[in-house]
1. Go through region 34-52 and report how many residues are touching a Ser or Thr at 6+ places or on another chain (Cβ under 9 Å) and at pLDDT below 80.
2. Could you figure out which of (1) in contact (Cβ under 8 Å) with a residue 60 or more places away in the chain; (2) within 22 Å of GLN7 (Cα to Cα) isn't true of ASN84?
3. Whether any residue in region 69-78 is within 22 Å of GLN7 (Cα to Cα) and of a type outside the set (A, V, I, L, M, F, W, C) is what I want to check.
4. If we only count helices (runs of 4 or more DSSP H) wholly inside region 43-139, which ones have 1 or more residues that are among the aliphatic types (A, V, I, L, M) and surrounded by 15 or more Cβ atoms within 10 Å (Cβ to Cβ)?
5. Determine which single condition SER23 fails, assuming it passes every other condition in (1) within 23 Å of ILE2 (Cα to Cα); (2) outside any strand (DSSP E or B); (3) touching a helix residue (DSSP H, G or I) at 6+ places or on another chain (Cβ under 8 Å).
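The values are calculated or read from the model by the stated rules, or taken from the named source; none is laboratory data. All figures in this text were calculated on a predicted structure; none of them were measured in a lab. Neighbour counts are summed over all protein chains in view; Cβ atoms, including those assigned to glycine, are modelled from backbone coordinates with ideal geometry.
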Amino acid sequence: MIRVTGQISIDEREIEESFVRASGPGGQNVNKLSTAVQLRFDVRGSPSLPGEVRERLQRLVGNRLTREGILVIIAQQHRTQARNREDALARLVGLIRRAAIAPRPRRPTKPSQASRQRRVDAKKHRGTVKRLRQGKPAFD
């Protein structure tokens with residue numbers, strides 16, 4: 001079990017990893033070894049995620065989510081398979097932790113009486129300036 005938060009744990013069997021060849025650093029091994037990790041996690045089908053966390057996670061990951069609801073994380077920054085696996089898993093846990101935090105509800109506010117008055121005064125002043133520009137000069 002992978003501990004995400006106090007209430008959320010993910011079973012390792014829900015995570016599918018495949019290894020592909022990575023671009024970038026690796027020296028001579030970059031063309032021979034499959035060090036990049038492609039981690040897949042079924043967001044919609046996971047029994048470990050509560051409903052509201054699932055919804056927030058789907059909005060949070062955006063285009064990394066397939067049509068079937070599978071989150072795909074590709075890690076290829078490191079030269080070793082093990083470090084890339086750790087990186088991909090850490091990114092998944094980080095995303096789920098961010099989705100587990102419920103956003104604070106917005107409390108609607110009203111502009112103060114003084115700010116409304118300042119706005120009206122500024123509009124009146126601007127109108128006065130424009131009105132003064134419209135007058136035609138007298139050539140006497």
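1. 3
2. In the conditions (1) in contact (Cβ under 8 Å) with a residue 60 or more places away in the chain; (2) within 22 Å of GLN7 (Cα to Cα), ASN84 misses (2) alone.
3. The answer is no; no qualifying residue exists.
4. 51-61, 81-100
5. The failed condition is (1).
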